[in-house]
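The values are calculated or read from the model by the stated rules, or taken from the named source; none is laboratory data. Here the structure is a predicted model, which is why all the values come from computation and not from measurement. Cβ atoms come from the backbone with ideal geometry, glycine included; neighbour counts cover every protein chain shown.
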Amino acid sequence: MSIRLTDTATLHPLVLPARADAVPTATIRAYADVRNRSVRDVTGRSEEDLSAEALLPLLRSSPELTRTQWYVMVADEMVGVAVLNIMADSSGTTATTVISLLRSVWGRGIGSAVLEHIEHAARDAGVTRLLVWVEHPASDDASLPSPTGFGEIPRDHHARFLLRYGFTLEQVERVSMFTWSDAVTASLLEAHDRAAAAATGYRVVQWTLPTPTEHVPGYAWMKEHMSTDVPGAGLGMPTEKWDAERIARHDERYAQRGIAVLVTAAQRIETGELCAYNELAIGSDPTSVSHQEDTLVLASHRGHRLGLLVKTAGLLSWREHHPDSPGVITYNAEENRPMLDINEAIGFAPISYEGAWKKDLT
Ligand SMILES: CC(C)(COP(=O)(O)OP(=O)(O)OC[C@H]1O[C@@H](n2cnc3c(N)ncnc32)[C@H](O)[C@@H]1OP(=O)(O)O)[C@@H](O)C(=O)NCCC(=O)NCCS
């Protein structure tokens, strides 16, 4: 089945192989390639590239997310991809979307036609709020301030596109990079010792996914708080419910994608409670840039340098296990000063900014 978008462009639903362990089809390989190239056309970076093997498990629906994908064809060439992910935590009312076209076909009305189709699909499914995250690298375009009062993005091609179709900018996220060097390692060790000295009554525990049984309840509890305790601006992200089954699915998805994840947590020695955690991840290429994923200190345990402790302890172990990875990339809300203070002290530096956009479909 194909849907006509413009005189030359058509939209096609992406069909996934039925078997969970199937290898990517030729169409999925092309989809992964166009996804990577179109993202690079915006960011100029390749850290977010995913192989077809690493992408495929992210295309399948789970109890948490109903996922649908399409691809755009012009003549015989795939030129874009589109995604609609509906969140079960919002009872199906909130969805994230992505339209990502190769730069060579921008400005021909294709994005407008894809968005119309996606909005239609979203409304049909009962979605009332559509969210988009997209990078806005520095440019000469006039700037658009974040309504949070922290950060701004340029009114570039995709900002203008989203504004034209009724999306509002809700939050700006900073993309930061940390690059390994001897000097950085020395200052990390020093920061770690400082944090460890301040965090009396806590110890560091670490594991690589899958989560050891003893840490499943504590990890699930912290994951749940990750969905509510980080600055959410006006996005209205749903509260997530995490249990042992969700942790198992989360861990299994990383395993299927060939991604190694190290969790570094702070544990209250007296009670055994997990109070803070940090995640670092890397794909199958040992020379690729690593990703910093969640970092959280539970509200009742703030003020003991646990954020700095889990970050520094995580990075120092990471260096031992993944010495060929040149650095780590991370994304943080621009208004999240406590987290940015820690990252800046460790040596993370901003390289770009993302916009988080919202459209009310009611
Ligand atoms: C943002 C994006 C989806 C827009 O797609 P696009 O195909 O370039 O957008 P369109 O061509 O439909 O509209 C862009 C402009 O071209 C104009 N345009 C040019 N030719 C057109 C035509 N034949 N028909 C309709 N509009 C046309 C539109 O009016 C619009 O003008 P404006 O900038 O003054 O508002 C695309 O650029 C992209 O993939 N960017 C990278 C990823 C991204 O930013 N995604 C964010 C959305 S999820």
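Report every pair of residues separated by at least 6 positions or lying on different chains whose Cβ atoms are under 6 Å apart, first residue within segment 1-24 and in the same structural domain as Ala82 (by TED's automatic domain parsing), second at pLDDT below 95 and surrounded by 10 or more Cβ atoms within 10 Å (Cβ to Cβ).
Every condition considered, the pairs that remain are Thr10/Ser2; His12/Ser2.
Which of the residues spanning segment 101-124 are of a type in the set (A, V, I, L, M), within 9 Å of the ligand (Cβ to nearest atom) and buried (at least 20 other Cβ atoms within 10 Å of the Cβ)? Break it down stepwise before answering.
Step one: filter segment 101-124 for residues of a type in the set (A, V, I, L, M), giving 101-102, 105, 110, 113-115, 118, 121-122.
Imposing the further condition that a residue be within 9 Å of the ligand (Cβ to nearest atom) reduces the set to 101-102, 105, 110, 113-115, 118.
Across segment 101-124, the qualifying residues are Leu101, Ile110, Val114, Leu115, Ile118.
Would you mention how many residues in segment 23-45 are outside any helix (DSSP H, G or I) and at negative phi?
Of all residues in segment 23-45, those outside any helix (DSSP H, G or I) come to 23-25, 44-45.
If we keep only those that are at negative phi as well, we get 23-25, 45.
Going through segment 23-45 one residue at a time, the tally reaches 4.
Suppose we filter segment 312-362 for residues that are at pLDDT 95 or above and of a type in the set (Val, Ile, Thr); how many remain?
5
How many residues, within segment 125-137, are surrounded by 13 or more Cβ atoms within 10 Å (Cβ to Cβ) and assigned to a loop (DSSP other than H, G, I, E, B)? Outline the logic, then answer.
Initial filter on segment 125-137 (surrounded by 13 or more Cβ atoms within 10 Å (Cβ to Cβ)): 125, 127-137.
Narrowing further to those that are assigned to a loop (DSSP other than H, G, I, E, B): 125, 127-128, 136-137.
Total satisfying the criteria: 5.
Report every pair of residues separated by at least 6 positions or lying on different chains whose Cβ atoms are under 6 Å apart, first residue within segment 98-124 and assigned to a helix (DSSP H, G or I), second among the aromatic types (Phe, Trp, Tyr) and more than 6 Å from the ligand (Cβ to nearest atom).
Leu115/Tyr165
Is it the case that Val74 is of a type in the set (Val, Ile, Thr), at pLDDT 95 or above and either within 12 Å of the ligand (Cβ to nearest atom) or within 24 Å of Arg29 (Cβ to Cβ) (or both)? Spell out the reasoning first.
Numbers: of a type in the set (Val, Ile, Thr): yes; at pLDDT 95 or above: yes; either within 12 Å of the ligand (Cβ to nearest atom) or within 24 Å of Arg29 (Cβ to Cβ) (or both): yes.
Considered against the rule, which asks whether it is of a type in the set (Val, Ile, Thr), at pLDDT 95 or above and either within 12 Å of the ligand (Cβ to nearest atom) or within 24 Å of Arg29 (Cβ to Cβ) (or both), Val74 comes out as yes.
Considering only segment 152-180, how many residues are part of a loop (DSSP other than H, G, I, E, B) and in contact with a Leu (Cβ under 7 Å, 6 or more places away or on another chain)?
Going residue by residue through segment 152-180, those that are part of a loop (DSSP other than H, G, I, E, B) are 155-156, 165-167, 180.
Right, trim to in contact with a Leu (Cβ under 7 Å, 6 or more places away or on another chain) and you get 155, 165.
Number satisfying all stated conditions: 2.
Quick one: count up the residues across segment 85-100 that are more than 15 Å from the ligand (Cβ to nearest atom) and crowded, with 21+ Cβ neighbours inside 10 Å.
Narrowing segment 85-100 to residues more than 15 Å from the ligand (Cβ to nearest atom): 86-94.
Going one step further and asking which of them are crowded, with 21+ Cβ neighbours inside 10 Å, we end up with 86, 94.
The total comes to 2.
Looking at segment 1-13, which of its residues are away from the ligand (no atom under 16 Å from the Cβ) and modelled with pLDDT of 95 or more?
Taking segment 1-13 as the starting set, the residues that turn out to be away from the ligand (no atom under 16 Å from the Cβ) are 1-2, 12-13.
The answer is His12, Pro13.
When segment 277-314 is examined, which residues are found to be among the hydrophobic types (A, V, I, L, M, F, W, C), more than 21 Å from Ala220 (Cβ to Cβ) and over 19 Å from the mean Cα position of the chain (by Cα)?
In the first step, residues of segment 277-314 are kept if they are among the hydrophobic types (A, V, I, L, M, F, W, C); the result is 280-282, 289, 296-299, 306, 308-310, 313.
Still in the list and also more than 21 Å from Ala220 (Cβ to Cβ): 282, 289, 308-309, 313.
Selection gives Leu308, Leu309, Ala313.
Any chance segment 153-167 includes a residue that's at pLDDT 95 or above and away from the ligand (no atom under 14 Å from the Cβ)? Explain how you work it out, then say what you get.
To start, the set of residues in segment 153-167 that are at pLDDT 95 or above comprises 153-167.
Cutting the leftovers down to away from the ligand (no atom under 14 Å from the Cβ) gives us none.
Within segment 153-167, none of the residues are at pLDDT 95 or above and away from the ligand (no atom under 14 Å from the Cβ).
Only one of (1) in contact (Cβ under 8 Å) with a residue 40 or more places away in the chain; (2) within 14 Å of the ligand (Cβ to nearest atom) is not met by Phe150, so which one is it?
Here Phe150 clears every test but (2).
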